[in-house]
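The values are calculated or read from the model by the stated rules, or taken from the named source; none is laboratory data. Given the structure is predicted, the values throughout are model-derived calculations rather than measurements. Note that we place each Cβ from the backbone using ideal geometry, even for glycine, and neighbour counts take in every protein chain shown.
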Amino acid sequence: MHRRSFIQKSGLSGLGLALIPSIFSFQDIEYSVLELMGKANIDLYGNGYQMRKEAQEAFEAMRKAAYGAGIDIKPVSSFRSFARQAAIFERKYERYAIEDGMKPLDAIDKIIEYSTIPGTSRHHWGTDIDLIDGSKKVSGDVLVSEKFEAGGPFEDFKLWMDENSKKFDYYLVYTDNPKRRGFKYEPWHYSYAPLSIPMLAAFRRKNILQLLEQEEFLGSEHFTTGFIKTYIQDNILDINPELL
Ligand SMILES: [Zn+2]
C-alpha cells in the first residue's frame, strides 16, 4: 500500500524508484513529536514486553524460528516512555556527578556511552528491543558485549541472529564498526526496520535541537547547543547505515 503511494508520487518513473535510499523508505508516514519522544499513549503488544503490532508480530515469528534452532530469545527491554528514560538518566547522573563527584559534562559523556538522553531513545518508538538467550545461565549484568562473543553465553544467539534476524526485518543498531561514533557496540539491541526507518526520518524532520533545549531533568542544565548538535550527529545518526 505504501509502495503504491510512493510510485504514484514519483510519477511511475524508474528514475524515481532509483532514488529510494533504502528498501524500506517508501513509508513516509508522519509521526507526532509526542509519539517520537515517548510521551504519547500508543497501542503496544507483547507478553512480557511491549512493541508496536507489526514489530511484535515479526518478533514472535523470529522467536519461533530461533526456538526451533535451540535459541530461546528473551526480551530484556522493549518500549520505554520518556518518564522511564528520564528516571534512568537521572539515576546515572546522580551516581556519577553527585556520588562519584565527576564534572557534570564528564558524567553526561559517561551516561551516553550506553544510555540516551530522554526523548531521544529508539526504545520510545516501540520498534526496538534488547535481546538475550534466556536458556543460558548468566551471572551479573546480561547486557555486556563480551557475553555475546566467542566463548560467551550468548555466542550461539548472536551467530543465529547474524544469520537470520534480517529475514524478519530486525537489524542491529549500534554495530561494532570501529569507525562508528556515538553509542558503544550493543550486540543485544535490535530494531524493526520497516517502522523504525520512517520514524527516524520523521524525527529528523523535527527540530530536535530545539526540542531537547526545552526539556528539564537532572543534568539537562549542562547541555550546550554544541553538545546537543554533536549528540544528534553521533548518537542519533551514526548507526547501522541499513537503518537510515
Ligand atoms: Zn536498547
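Quick notes
- Any hit, the stretch 55-71, residues being surrounded by 17 or more Cβ atoms within 10 Å (Cβ to Cβ), of a type in the set (Gly, Ala, Ser) and within 15 Å of the chain's Cα centre (by Cα): yes
- Tally of residues being over 19 Å from the mean Cα position of the chain (by Cα) and within 12 Å of the ligand (Cβ to nearest atom) across the stretch 112-170: 0
- Test: residue in the stretch 82-96 that is of a type in the set (Asp, Glu) and surrounded by 14 or more Cβ atoms within 10 Å (Cβ to Cβ): yes
- Unique match (being closer than 19 Å to PHE79 by Cα and not in a helix (DSSP H, G or I)) among LEU143, LEU218, LEU195: LEU143
- Within the option set ASP109, ASP72, being at pLDDT 95 or above, closer than 21 Å to PHE148 by Cβ and more than 16 Å from the ligand (Cβ to nearest atom) holds for one residue only, ASP72.
- Close pairs (8 angstrom Cβ cut-off, 6 or more residues apart or separate chains): in contact (Cβ under 8 Å) with a residue 60 or more places away in the chain in the stretch 184-197, more than 12 Å from the ligand (Cβ to nearest atom) and in a strand (DSSP E or B) anywhere: TYR190/TYR170; TYR190/TYR171; SER191/TYR170; SER191/TYR171; TYR192/MET51; TYR192/TYR170; ALA193/TYR170; ALA193/TYR171
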